[in-house]
Structures are given as structure tokens and as C-alpha cells.
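A.B. asks: Okay, here's the structure, questions in a sec.
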Amino acid sequence: MTVHYTEEHEWIQIEGDTATVGITDFAQGQLGDIVFVELPDAGRQVTKGGEAAVVESVKAASDVYAPVTGEVTEANQALSDDPSLVNSDPEGAGWFFRLRLSNPSELNGLMDAEAYKAFCENQ
Amino acid sequence: MSMNREGRPTRPEAAAGEATATWTGNRALMLEEPLIFEMGEESGTGVDIEDAPRVASRLGGLERNRPIGIPGLSEPQTVRHYTRLSRQNYAIDLGIFPLGSCTMKHNPRLNEKMARLPGFADIHPLQPVDTVQGALELIAELGGWLVKLTGMHSVAMSPKAGAHGELCGLLAIRAALEARGDAREVILVPESAHGTNPATAAFVGYRVESIPADDRGRVDLQVLKARLGPDVAAVMITNPNTCGLFEPDMIAISDAVHAAGGLVYCDGANFNAIVGRVRPGDLGIDAMHINLHKTFSTPHGGGGPGSGPVVFSEALTPFAPLPFVEKQGEHFVLVEEETAGEHHASSFGRMTAFHGQMGMFTRALSYILSHGADGLRQVSGDAVLNANYILRSLEDVLDAPFGASGPCMHEALFSDKGFAEGLSTLDLAKALIDEGFHPMTMYFPLVVHGAMLVEPTETESKAALDQLIGALRSVAERAKAGDESLKAAPIHAPRRRLDETQAARKPVLVWKEPAQAAAAE
């Protein structure tokens, strides 16, 4: 089980050919209280770097991008009822959606935890 | 001498009862006001009309079987209710309203007088045009001024407000592109544009791509040029932009967009900074909305409806919406679908049932005529001077991210850099309420961290600006010094700090009887 990070502050956790995607603790801290999350429907094709979800906080609405190309298999319906999960457990219960990877080699360009930590410190 | 010892005292007695609670809870003359649904009774009424006659229902069992739930109040109860609520509010008639990019300026009373003239106020949009020639002439004359002030070719008067004007402009752009068989898909929107721009583009069915700002807060021309291509329908640009800065490369931007086959939409919300000095038509713009409720002083923000006429370049004019007023000989006519004929066959259609916001047209023309061309030029000069006075008076205590790139336009932009850990722009804004001011626009534009956008407009005197500056300086110093009491602000407002998160996550949008609400909990 590996976790990768993007410069757009998404995390992606890989298990076999399935990936779980969410936004990082750093991102939720910057956004402030999350009040609404719009998730992709299962079956939707998303492309690396393309819009996949929308997260709305008291400050602003932001797009969440797909870290890799694939087909959405499941969205975290718990976020519709309780978007505060993104604040309280961003890299756990606050996950956004799962997808089936089309091209696992796309993961190579992403950061690991250590590189992402260094990236955030320079933000 | 005769001495009257019964008159009222003219001096206050010694303050004896300071701590005594009053029966109403120490609200003095600011009484707590219930919701209108909690007042009166359904049978109450302010007008005396006869009961409706009993008729046999033909609704076949679909009649309403519950009370309709409309509050019943007498006229004095109603007047007092809304007057009391208004005293808990803040308005441009009470003080400066420094909302950036909103141009909250004084609404001259002369405009109100003109708008109430029966020939403008007491007419109906379906009246025969022969009976409303004066009103149509007013619409045409105002349109003529807007075309002249912007250096454009034509104007659509019907859009009801800014975002509706954006929609009008983009629909015309889409119609023009489709007419030449050119289905383009992308609209480019700079980061420094108004937030409604990408929403409008998406609504019209375009894909939105963002163009970053450079380190001077302007559109990055090279990035924009590199992105242009056969898929780009238009660029939506706000000039002056939401950083309060003029886009000096505007002509180069327009030229590049046109060379790539696209069109240029300009968000005219910030026209107040340039009215009488810069004509958008000279900058290569194809369509721009004008917020009459900003630049031309018609009331808004709870005070009245907006109005967002759109001016068009010659290229877009054939695609402008119907209806519009046209002078034929000595007669003003409404050009509508049935009468448009060959000339206007390419119009994208109709945006509104009727002709626009008549009351706003009257006020805006009154504003224009009472200022004259020289007065309008002074409006933009004074608005820019006031904003720069604020920028320079506060840049030693608040971070001004683009302060070094020269004067600002109509609004001054600050960031939260230098605030003590844990204190934010929100805390400063709430503390400003305790100082007696409506807060500025905050957390916008998004290109600046913890943004504070202050637009004073030309309305404010130096004395009024100095008061605002004093208050802002005081709260900024507290934020930098780490004064935790800011987190409790506002303390002196009718309501303390509201839970915005809870309001967004669990909004209560429908009033329920208290018993019902308790049962639903």
C-alpha cells in the first residue's frame, strides 16, 4: 500500500489496480471549514490533471483534480451528509473517490510523503 | 419673580441605577424583533376588503386544506417591523460601505425624485408604445450615453444585472461564432477576473481555463498568448481587475485574441475607475456589461434591483438580444421578434419578458445628466484618488501586495501577511463591525492570501476616509500584536459572531412553527 501526492494537494493511495483519492491535511487546513463536496459518479472517466470533484469551504470553492487517469468506481457518499469529515480525517474517512487505474505508470511523476512534506514547507 | 419648579430637568441625575436590569432586557431603544411569522395572526390585515364570495369549487378535491401561513399584520405593525429590522442593518445611507468591486456609492435623492415621476413610475410594459414615448426616449437616450462613454457600437438594455449581462455578452459571442460555423469550446478567464465570469462561461456551455496573474497582479500576457488557439472562443477579462489594477496590456491582449479568431468580453463592474477617461471600445473589447447599480449610482445591496446593460462592438451588434428601442423618424418603437425583420434576424433571442429595469434607467440617466461629461470624469478621478489615499495611508501597517507596482485604481488591496498566528482576515473584519463600519470584501481576489479589498468610491470625504483608516489601523495593529480578543468580535453588534460553517452545512431555509421545529429536532 503506497501513498502518492500531487502538487495540487491531492493524495492517492494504491491497492492493486484500485486507487483512493482525497485532499491532504495541508489542503484542508488552508481551505478552512469544508461545507460541501461534489463527487463524481461511478463510471465516469477522469483524466490525469482533469477536474474530478469540487470542494467548497467557507472561504472558496476549489476544484479537485484526478491525480491519474482512470474510471471512477465509487464516491464517498458519507461526505454528502457530513463534509466535515474532510476536516477531521482528510487522509482517512474523508476520502473523495476510488478509481481503477488506466495507466499505472502515471504514478511515477507523483511525490512520496517526504517529498510532499518538503513541497508544503516551501508553499 | 415667579419660579416654576415643575419643569423637566436639563441635567442628568447622578448615574444611580446602572446595573439594574430592565423588564425588556436592557435593549433600550433597540428592541429585539421577532420574525414576521411570529407576529400578528392570520386573520389580521392592514387593508379593508370585502370577504371573497363563496363559490362552488371546481378543483375536484385539490383545494388547499391547511391555512396558507401568511402573517397578518396591520399597517403600523408592518411599518414598525421593517423599520426596526432596518435599524439593525447597515446601509450606504448610514456610512461608508467599502466593499471592493461592488462600488457602493451614494444614491442621489434627485434620482429618486426623477424615478417617481408618474410618466416613468406608473406605466406598464404592455401599454401601447404611443402612450410611453417619453419612457422609450429615456431608454434610448441612456443607451446613447452608455455607447458614447464606452466607445462601443450598440447597447442591449434588457439584462437585469451584472451576471445577466455577462450571460448576454457570451450568448452574443456564441451566436457570432456559430454563425460562422466555428464551434469553439474554451473560455479563458484570468485569475484576477470576477468570480461570476467562470460561472457564466460554464453556464453557456463552455469549458473554463484559468490564466495566471503575473507578480504585478496583471494578466500574464505570454501565458495567455501561448494558450490561444482555434478552440478558444473568448477571453473574459475584468478591467480594471479585482486586484484594483488597470491592465496596461489590454490592447495587446485584444489583438492577440482577435488574431486567434476569438472575441473579448470585458467585465465592466469596475468601470467606475475609468468612466470618462478610458473607452473600452478603444481597447478592442467586443462586449462589456455596465452595472448601472455601481457606476451610475442606482441603489443595490438590498436597496433595489440591479441593471446590467451590455455594450457591443460592431462585429457583435447583429447578434444582440431583442427587444430594443429604436427611433424611427420622430417616433420611438420597440423592435421585437415580430417586427425585427431582416436587419436583426441574427439576434440570439430574448433574455427578459420586457425591456429592462425602468426605475434604474431613470435613476442612471438622472445621475449622468446631473454630472455631465466633466462630472463623470471627476467621478473616476475622485474614486481613484480616494482608493490611493487608503492604500498609502495603511501600507505601513497592512501588507499591500501590489503597492510597489504603482497607484491602484478604484480599490486598495491588502493581505493578511504579518498577522499574528491564529488571527485572520475574518477576525479583523468582524472587529471592524465593532468600530461601526461594514467590513470590506474579504478573501477575494483569491490570488492574495487573506485578501482585503477596500473600495471607498468618490462618495467619501477626506474626513470619512480618515475615520475608516483610523479604525482599520487600530484593528490591523491588534491583529499584528496577537490580540486574542479579536476572535470574540463583534461584541457590540445586534448579533455576535455567527457560525458560518454551520449555516452553510445545515442551512435553515424555511421558517417552521416553533412546535414543529422542536418536533423535527
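Every read-out reported here was derived from the displayed coordinates using simple, explicitly stated rules and does not represent laboratory data. Note that the coordinates shown come from a computational prediction; the quantities given were computed from them, not determined experimentally. Ideal geometry is used to build each Cβ from the backbone, glycine not excepted, and the neighbour counts take in all protein chains shown.
A.B. asks: List the trypsin sites (Lys or Arg not before Pro) within the stretch B:126-203 that DSSP assigns to loop and that have no more than 16 neighbouring Cβ atoms inside 10 Å.
C.D. replies: Sparse-neighbourhood loop trypsin sites (Lys or Arg not before Pro): B:Arg180.
A.B. asks: Send over the per residue convex hull volume for the protein assembly as shown, Cα only, as a whole number of Å³.
C.D. replies: Residue-normalised Cα hull volume stands at 278 Å³.
A.B. asks: Then there's this: Kindly state, as a whole number, the per residue volume in cubic angstrom of the convex hull around the alpha carbon atoms of the stretch B:373-498.
C.D. replies: 114 Å³
A.B. asks: Just grab the label-to-label distance for B:Thr22 and B:Arg5, each label 7 Å out from Cα along the Cβ direction, in nm (one decimal).
C.D. replies: That separation, rounded to one decimal, is 3.0 nm.
A.B. asks: Quick one: compute a quarter of the convex hull surface over the Cα atoms of the stretch B:110-366 and quote it in nm².
C.D. replies: With the hull built on Cα positions only, its mean projection is 13.6 nm².
A.B. asks: May I pose another question? What does the charge count near B:Asp231 come to, summing +1 for each Lys or Arg and -1 for each Asp or Glu among other residues with Cβ under 12 Å from its Cβ?
C.D. replies: After counting each charged neighbour, the total is 0.
A.B. asks: Mind checking the stretch B:266-362 for trypsin sites (Lys or Arg not before Pro) that DSSP puts in a loop (not H, G, I, E or B) and that have at most 14 other Cβ atoms within 10 Å?
C.D. replies: Qualifying residues, ordered by number: B:Arg277.
A.B. asks: Related question: Distance from a point 7 Å along Cα→Cβ of B:Glu336 to each backbone N in the stretch B:129-160: keep the residues under 12 Å and list them by number.
C.D. replies: Residues B:129-130 fall inside that zone.
A.B. asks: Please give the average number of partner chain Cβ atoms lying within 10 Å of the Cβ of each residue in A:83-91, rounded to a whole number.
C.D. replies: Average per residue, whole number: 1.
A.B. asks: Moving on to the next point. Relative contact order of chain A: what whole-number percent is it, with Cα pairs under 8 angstrom and at least 6 residues apart?
C.D. replies: After rounding, I find 30 percent.
A.B. asks: Now for a separate question. Summarise the partner chain shielding of B:497-504 as one whole number: the mean count of Cβ atoms from other chains within 10 Å of each residue's Cβ.
C.D. replies: Going residue by residue through B:497-504 and averaging, the value is 4.
A.B. asks: Say each of B:Thr83 and B:Leu446 gets a label point 7 Å from the Cα, pointing the same way as Cα to Cβ; how far apart are those two points in nm?
C.D. replies: Placing both labels 7 Å beyond Cα along the Cβ direction yields 4.6 nm.
A.B. asks: While we're on this one: For A:Ser84, what charge total do you get from the other residues with a beta carbon under 13 Å from its beta carbon, if Lys and Arg give +1 and Asp and Glu give -1?
C.D. replies: Net charge in that neighbourhood comes out at -4.
A.B. asks: Sticking with this structure for a sec: Just counting partner chain Cβ atoms within 10 Å, what average do the residues of peptide B:179-189 show around their Cβ?
C.D. replies: Mean partner shielding for this stretch: 0.
A.B. asks: Can you compute the modelled spin-label distance between B:Ala463 and B:Gln222, with each label point 7 Å from Cα toward Cβ, in nm?
C.D. replies: Between B:Ala463 and B:Gln222, the simple spin-label model gives 5.2 nm.
A.B. asks: Same structure again: Among B:236-246, A:53-63, B:450-460, B:66-76, how do they line up by average Cβ neighbours within 10 Å per residue, starting with the highest?
C.D. replies: Top of the packing list down: B:236-246, B:450-460, A:53-63, B:66-76.
A.B. asks: At what distance in angstrom do the alpha carbon centres of the stretch B:495-509 and the stretch B:240-293 lie from each other?
C.D. replies: Between the Cα centres of the stretch B:495-509 and the stretch B:240-293 lies a distance of 38 Å.
A.B. asks: Between the stretch B:178-233 and the stretch A:16-58, what's the alpha-carbon centroid distance in Å?
C.D. replies: Each part's Cα centre sits 23 Å from the other's.
A.B. asks: For A:Glu56 and A:Gln13, compute 0.36 nm times the residue count separating them, minus their Cα-Cα distance, and round to one decimal in nm.
C.D. replies: My answer for the length gained is 13.2 nm.
A.B. asks: Using modelled backbone amide H atoms (1.01 Å from N, in-plane), which distant-in-sequence or interchain residues come within less than 5 Å of B:Lys417's amide H?
C.D. replies: Under 5 Å from the amide H of B:Lys417: B:Asp399.
A.B. asks: Moving on to the next point. With contacts defined as alpha carbon pairs under 8 Å and 6 or more residues apart, what's the relative contact order of chain B in percent?
C.D. replies: Answer for chain B is 16 percent.
A.B. asks: What's the ranking of B:380-392, B:247-259 by average number of surrounding C-beta atoms within 10 Å, highest first?
C.D. replies: Averaged packing, sorted descending, gives the order B:380-392, B:247-259.
A.B. asks: Using 1/(1 + (r/R0)^6) with R0 = 41 angstrom and r between the beta carbons of B:Asp282 and B:His492, what's the FRET efficiency to the nearest 0.05?
C.D. replies: 0.25
A.B. asks: To the nearest 500 deg cm²/dmol, what mean residue ellipticity at 222 nm is calculated for chain B from DSSP H runs of n ≥ 4 alone, each contributing -39,500 (n - 2.57), summed and divided by the residues?
C.D. replies: -10000 deg cm²/dmol
A.B. asks: Kindly flag which residue pairs out of B:Lys160/B:Lys506; A:Lys117/B:Lys480; A:Lys48/A:Lys117; B:Lys113/B:Lys327; A:Lys59/B:Lys487 have an alpha-carbon separation exceeding 20 Å in this structure.
C.D. replies: B:Lys160/B:Lys506; A:Lys117/B:Lys480; A:Lys48/A:Lys117; B:Lys113/B:Lys327
A.B. asks: Per the Cauchy relation, a quarter of the hull surface: what is the mean projected area of the convex hull of the alpha carbons in chain A, in nm²?
C.D. replies: Convex hull of Cα atoms, orientation-averaged projection: 6.7 nm².
A.B. asks: Would you mind listing how long chain B runs along its three principal axes, going by Cα atoms, in whole Å with the largest first?
C.D. replies: Result for chain B: principal-axis Cα extents of 87, 74, 65 Å.
A.B. asks: Within 10 Å of each residue's Cβ, count the other Cβ atoms and sort B:Trp145, B:Trp511 from fewest upward.
C.D. replies: By the 10 Å Cβ count, ascending: B:Trp511, B:Trp145.
A.B. asks: If you filter the stretch B:47-156 for GluC sites (Glu not before Pro), then keep DSSP loop positions with at most 15 other Cβ within 10 Å, what is left?
C.D. replies: The qualifying sites are B:Glu50, B:Glu63.
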